[in-house]
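Structure, as structure tokens:
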Amino acid sequence: MNYAAIIFDCDGTLANSMPAHYVAWVATLKEYGIEFTEELFYGTGGWPSWKVAELLLERDGVKADPHLIAEQKEDEFEKHLNVIEPIEQTVSVVRDHYGKIPLAVATGGIPRVCNGILQNLEISHYFDTIVTALDVEHGKPAPDTYLEAARRLGVDPTQCLAYEDTDPGLKSARDAGMAAIDVRTYFNPQQMSSKIA
């Protein structure tokens, strides 16, 4: 079918940023004595950072503010923006459809991080709107993020195609009524565990 709009996740879909996110998590959690395996990290892909922190705090019985930890993690992540590269297979789709149909970003991240990534990759101007974790009540895997993106574009969600790289993200898009392409079928981020001391 011909889609009326295409909506893209950001981290791990447009940008090869997941390894940098993992490095930032490990550095941040070290002071709390919390271990975060790479397997679990990718399992929580698409979650807001505060929710990931909340999960880890509850798991380890550590008393701390998950929102503060999330803020610290995002600060740490921003130190690594310059090493993030585009996922060319996805970005080529953006360039091919720019100016032809509406394009949006639907991310579980926060605005300053998503905008920083897109601006650093010089692709922010391609998108008509960007929906972040702060724009919806329920983040991924709930469908709210994708539904809000479609609403802003003025397009029926069932006429949209989504690009995603995580199971929660794919569930979010599909529960919104969208067709979805799993980026993992053509791209896998470099694993970082062996490079972290």
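The values are calculated or read from the model by the stated rules, or taken from the named source; none is laboratory data. Here the structure is a predicted model, which means the values were calculated and not measured. Glycine also receives a Cβ, built like all others from the backbone with ideal geometry; neighbour counts cover every protein chain displayed. The accessibility values were calculated without ligands, DNA or RNA, using every heavy atom of the protein model including side chains. Shrake-Rupley method; radii C 1.70, N 1.55, O 1.52, S 1.80 Å.
For segment 21-89 and segment 140-189, what is the separation of their Cα centres, given in Å? Using only Cα atoms to place each centre, the spacing works out to 23 Å. Measuring nothing but protein heavy atoms, the accessible surface of the chain at 1.4 Å probe radius is 49 percent carbon and sulfur.
Enumerate the lysines that K63 could reach by cross-link, defined here as Cα to Cα under 23 Å, with residues fewer than 8 away along the same chain left out. List returned: K30, K51, K73. Helical content alone sets the calculated 222 nm signal of the chain at -12500 deg cm²/dmol, taking -39,500 (n - 2.57) per DSSP H segment of four or more residues and averaging over every residue. All other residues whose Cβ lies under 13 angstrom from that of I6 are scored, Lys and Arg at +1 and Asp and Glu at -1, for a net of -2.
For segment 1-135, the solvent-accessible area of protein heavy atoms averages 46 Å² per residue (probe radius 1.4 Å; ligands and nucleic acids excluded).
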